[in-house]
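One structure below.
The values are calculated or read from the model by the stated rules, or taken from the named source; none is laboratory data. Not measured: the values here are computed from a predicted model. In this analysis, Cβ positions are derived from the backbone assuming ideal geometry, glycine residues included, and neighbour counts consider all displayed protein chains. All accessible areas refer to the heavy atoms of the entire protein, side chains included, with ligands and DNA or RNA removed. Shrake-Rupley method; radii C 1.70, N 1.55, O 1.52, S 1.80 Å.
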Amino acid sequence: MIQIAPSILSADFLNLEKDVDLVNKYADILHFDVMDGVFVPNISFGFPVIEAVARKAEKPMDVHLMIVNPEKYVDRFAQAGASMISFHLNASDDPGALLRHIRSLGVKAGLVINPDIPVEHLFPYLVDADYVLLMSVFAGFGGQKFIEATYDRIRTLKAEIERQGLVIPIEIDGGVSASNAAALADAGAEILVAGSAVFKAADPEAVIRAMRP
Ligand code: DX5
Ligand code: ZN
């Protein structure tokens with residue numbers, strides 16, 4: 001079953017409650033892009049925004065950490081209201097241990113890679129992950145062009161997840177819209193992040209509806 005996860009990064013920060021209500025009503029997950037200006041050349045937001053949204057969120061809060069030293073902050077993101085926390089494979093010295101630690105907090109643990117990292121690099125860690133996030137753009141900015149090679153990466157990863165006898169949803173993030181949602185679902189993706197396609201649309205509700213199979 002496809003879940004739609006609008007990314008708050010593209011929301012209207014002057015009227016964030018309106019956009020949170022939209023997700024509460026029509027989507028499945030709230031996606032938060034936390035950027036530190038070091039791991040990625042952009043800075044987004046942190047704990048105050050997540051704590052504020054948590055007061056109104058009625059859907060799971062999916063925190064995507066594009067930061068160095070994620071191990072220093074996962075506990076605070078869990079306390080702030082995250083029910084899913086993902087971090088980049090190459091931001092951690094011990095991804096397996098960090099995945100297990102996130103799980104110990106009662107939070108779903110996710111691993112992320114950029115489009116230039118082979119999906120095979122994820123394979124040793126799948127057993128400790130509750131989901132995997134494949135970037136379909138290079139992390140750091142909303143509104144980028146979808147990278148078409150993502151489809152084959154989803155199929156390769158999905159095959160390995162099944163080979164290992166695991167049940168782990170694949171989340172796709174970056175350049176996702178109503179025009180590629182069906183093909184992504186066909187390739188095996190189960191969670192679709194969409195920022196600009198949803199929040200920059202004249203009718204966000206219609207876009208979310210159009211993204212569903
Ligand atoms: C990029 C973020 C994505 C981005 C998606 O670093 O991880 O979640 O906000 O935005 P769109 O859907 O506009 O590509
Ligand atoms: Zn993201």
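Points worth noting:
- DSSP assigns beta bridges within the chain; of those with both partners inside it, close to 5 percent run antiparallel.
- A simple rule links phi to the HN-Hα coupling: the Karplus curve 6.51 cos²θ - 1.76 cosθ + 1.60 with θ = phi - 60°, which for segment 68-83 gives 7, 6, x, 4, 6, 10, 4, 4, 5, 5, 5, 5, 6, x, 5, 10 Hz, with x for Gly and Pro.
- For the chain, the convex hull spanned by the alpha carbon atoms encloses 108 Å³ per residue.
- For the peptides 38-46, 1-9, the ranking by packing is 1-9, 38-46, with the highest mean count of neighbouring Cβ atoms within 10 Å listed first.
- FRET efficiency estimate (nearest 0.05) - Cβ-Cβ, ALA210 to ASP21, R0 22 angstrom: 0.65
- Accessible-area composition of segment 1-98, carbon plus sulfur, in percent [1.4 Å probe]: 50
- Sorted on the mean count of surrounding Cβ atoms within 10 Å across their residues, most packed first, peptides 125-138, 159-172, 184-197 read 184-197, 125-138, 159-172.
- Taken over the Cα atoms of segment 116-207, the convex hull encloses 99 Å³ per residue.
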